Structures are given as C-alpha cells and as structure tokens.
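S.K.: Have a look at this one before I ask anything.
The values are calculated or read from the model by the stated rules, or taken from the named source; none is laboratory data. Because the structure is a prediction, the values reported are computed rather than measured. Backbone-built Cβ (ideal geometry, glycine too); neighbour counts: all protein chains shown.
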Amino acid sequence: MKNVEASVTGSAAAAILAAGLGCLALGLTTTMAEAIPAVNEALVFSTAVGALSGKTTVALIFWIMGWVALDVKWKNAPKDVHKVFLGSLLLIFFGFLGTFPLFFELF
Amino acid sequence: MSLSFRELGAAFHGMVLGTIYLLLFSGVIFALWNLKPGWSSENATRIQVKALKIGSSIMAVATWLTVITGTYIVYPWYRAKPPEGITDLADYPRYYLLANSNLAGWHKFGMEWKEHIAWLAPILATAVAVIIVRHGSKLVAEEKIRTALIGMITIAFGVVGIAALLGAFITKAAPIH
C-alpha cells in the first residue's frame, strides 16, 4: 500500500512540476526571441508561421524532456504534491509573464 | 449568406474546438470536485472515474487541436504579407491592423499575447489528463493531487478564455476572409 501511494504522488508531482517547467520554457523562448534578433531568426522553423513555430516547439521539447526526467527520478518516491504544486504555480506565473507583450517588449 | 474556406477554418478553430474545450472543462472540474472518499458508491465512483478519464483526454486533445489549427492554419492567413503595390489590406489582417493607428494595438498587444499564451493550455491540460488516466480511482484518496489538478485546469481555462476573447475582438476588428 505504501508503494502504491508513493508512486501516485511521485509521478503526479513529476507531471505537475514538468507542466510548470513547460510554461516557463515558453515564456523564456518568447522573451529571448524578442530580446535577441538572432534567436528570433533561428526559431523560424516554418516561414508561414514565423518564430512562433520555433518558440513553441522548443518549449514543448523542454517540457517533454523535463517530464520524462522527473518521472524517472520521482515515480517511486513519495512527494508532497502541495509543495510541488506551489512551485509549479510560480513557474507558470513566470511563463505567463514571459508571454505578456508589455513584459517581453521591455527587452 | 456564405462562408469562405478561411472563414470556416477560423470558425472551426475558435468556435468548434474552443467550445468543446470550454464545455468539457466544466464537466471535468465538477467530476474532480466530487471525487471524494465516501461521496459516492463504489459503482458510481467507477463510472465517474471512467467519465473523467474520457472527458479529460478529449479536453486535452481538443486543446492541442485548437492551438495547432490556430498556429499552423489560421495564423498564416492572418500574417500573410500583401504583394507590393496593394492598397486594400482587407485580406491581410495583420497589415490592415498595423496600418491603422487606432487598430494597431489589436496586433501589437492582442495577437502578440494570444498567439503565445494559448500554448500554455495544452501543456496544463495534458498533464491533468495523464495524471487522471494514469491513476484513476487512486485519486479519490489523494486530495492534494485533486486540488492541484483543479488549479491547473482552472489556469488553463483562464488562458483559453483570454485567447478566445482576444481572438473574437481581433476577428471583429480585422476578419479573415
């Protein structure tokens, strides 16, 4: 029973924190593309879509990689999901901020 | 009374897929909220968990389809560059908005925010769906996880709401024909 509980909280915590990391990655790619023209150009994976294609693709790759790594590390370990969720909320907030035009246009 | 292919595409992206997401959101929130120990019989809980798994999965798929169609089908129509010498920009919404100082904010703020923020939703919705599908009825005993899931879906709902609202206003200012 102990192992079952541990695996539930561990893998759920991994998914929750990884989602926060994915949101943060999107905010970072958005802000970096705005701040550094070379990054913006490099992120044009599709000419029809522009740099948005690269920003989102890179963020999704970071999210999936982070999720896999955290899941492997945490799946059998009991985690305090409440604390992990609060940490994820902080990451989501910074991701949200990074996608906000009045913020990323400062750079 | 007719709709062009592009108008249909934009309507499918915003009104069909977006509406599916918004409808499922309320059902998933309600089911998660009621997934508490002792609130339902074992049989009812089993049915509720099955509905949650299906509902959250469709919600996640709808969110992905919404952002993918928006980014790779509708957005290229919106940002298409007009050929040299064109003075009527009605078929080029991005350039039409930027050419009018009273409307430019809809692109510079509205579309710039919408195109990015919308991508937060599938990340959050997928995490929620995977946790529900993976752990199912074990979540009945996991109040902290259920609270986190409700929080994440609510944030995703807010994000979709912002993107949808901006999309509606931008379409009103500069429709895709």
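S.K.: So if I check each of A:37, A:78, which one is away from chain B (no Cβ under 11 Å) and touching an Asp or Glu at 6+ places or on another chain (Cβ under 7 Å)?
M.R.: Details: A:37 fails: touching an Asp or Glu at 6+ places or on another chain (Cβ under 7 Å).
Step by step, each of A:37, A:78 is checked, and only A:78 is away from chain B (no Cβ under 11 Å) and touching an Asp or Glu at 6+ places or on another chain (Cβ under 7 Å).
S.K.: Another one. Could you name every one of the helices (runs of 4 or more DSSP H) located completely within region A:26-107 that has at least 2 residues being surrounded by 20 or more Cβ atoms within 10 Å (Cβ to Cβ) and under 11 Å from the mean Cα position of the chain (by Cα)?
M.R.: Values: elements: A:37-42, A:51-74, A:81-98, A:101-104.
Result: A:51-74, A:81-98.
S.K.: Return a yes/no flag: does region A:65-72 have any residue that is more than 22 Å from residue B:157 (Cα to Cα), within 12 Å of chain B (Cβ to nearest Cβ) and at pLDDT below 95.
M.R.: no
S.K.: Follow-up. Among residues belonging to region B:29-72 that are aromatic (Phe, Trp, Tyr) and over 15 Å from residue B:157 (Cβ atoms), point out the one that is surrounded by the most Cβ atoms within 10 Å (Cβ to Cβ). Break it down stepwise before answering.
M.R.: Of all residues in region B:29-72, those aromatic (Phe, Trp, Tyr) come to B:30, B:33, B:39, B:64, B:72.
Subset that is over 15 Å from residue B:157 (Cβ atoms): B:39, B:64, B:72.
Numbers: B:39: 12, B:64: 17, B:72: 14.
That would be B:64.
S.K.: Please specify each residue of region A:10-48 satisfying the condition of being in contact with a Phe, Trp or Tyr (Cβ under 7 Å, 6 or more places away or on another chain), over 11 Å from residue A:62 (Cβ atoms) and hydrophobic (A, V, I, L, M, F, W, C).
M.R.: Passing the criteria: A:13, A:14, A:15, A:16, A:35.
S.K.: If you don't mind, there's one more thing I want to ask. Can you tell me how many residues in region B:54-91 are more than 13 Å from the chain's Cα centre (by Cα) and either modelled with pLDDT of 95 or more or in a helix (DSSP H, G or I) (or both)? Steps first, please.
M.R.: Filtering region B:54-91 down to residues more than 13 Å from the chain's Cα centre (by Cα) leaves B:54-57, B:72-91.
With the extra rule that they be either modelled with pLDDT of 95 or more or in a helix (DSSP H, G or I) (or both), the set shrinks to B:54-57, B:72-79.
So the count comes out to 12.
S.K.: Return the pair list, or none, for Cβ contacts closer than 7 Å from residues in region B:27-43 that are within 17 Å of residue B:148 (Cβ to Cβ) to residues that are of a type in the set (D, E, K, R), at least 6 apart or on different chains.
M.R.: Hits for this filter: B:32/B:146; B:35/B:146.
S.K.: Residue by residue through region B:134-146, note down the ones that are out of contact with any Leu (no Cβ under 9 Å at 6 or more places or on another chain) and more than 7 Å from chain A (Cβ to nearest Cβ).
M.R.: First, pick out the residues of region B:134-146 that are out of contact with any Leu (no Cβ under 9 Å at 6 or more places or on another chain): B:134-135, B:138, B:141-144.
If the condition is that a residue be out of contact with any Leu (no Cβ under 9 Å at 6 or more places or on another chain) and more than 7 Å from chain A (Cβ to nearest Cβ), then B:141, B:143 are the ones that fit.
S.K.: If you don't mind, another one. Consider residue B:114 against the criteria (1) touching a residue at least 40 places away in the same chain (Cβ under 8 Å); (2) more than 12 Å from chain A (Cβ to nearest Cβ); (3) not in a loop (DSSP other than H, G, I, E, B): it satisfies all of them except one. Which criterion is unmet?
M.R.: With respect to (1) touching a residue at least 40 places away in the same chain (Cβ under 8 Å); (2) more than 12 Å from chain A (Cβ to nearest Cβ); (3) not in a loop (DSSP other than H, G, I, E, B), residue B:114 is out only on (2).
S.K.: Let me ask you something else. Report yes if some residue within region B:93-113 is of a type in the set (Asp, Glu) and at pLDDT 95 or above; otherwise report no. Step through it out loud before you land on a result.
M.R.: Filtering region B:93-113 down to residues of a type in the set (Asp, Glu) leaves B:112.
Within this subset, residues satisfying the condition of being at pLDDT 95 or above are B:112.
Yes; the residues of region B:93-113 include at least one that is of a type in the set (Asp, Glu) and at pLDDT 95 or above.
S.K.: I would also like to ask the following. With the condition kept exactly as written, say whether any residue in region B:29-40 is more than 14 Å from every other protein chain (Cβ to nearest Cβ), basic (Lys, Arg) and not in a helix (DSSP H, G or I).
M.R.: yes
S.K.: Under 9 Å between Cβ atoms, at least 6 apart or on separate chains: pull out the pairs that start in region B:58-71 with a residue that is within 12 Å of chain A (Cβ to nearest Cβ) and end on any residue that is acidic (Asp, Glu).
M.R.: B:70/B:115; B:71/B:115
S.K.: While we're here: When you scan region A:48-61, do you find a residue that is at the interface with chain B (Cβ under 9 Å from one of its Cβ atoms), touching a Gly at 6+ places or on another chain (Cβ under 9 Å) and closer than 20 Å to residue B:123 by Cβ, even just one?
M.R.: yes
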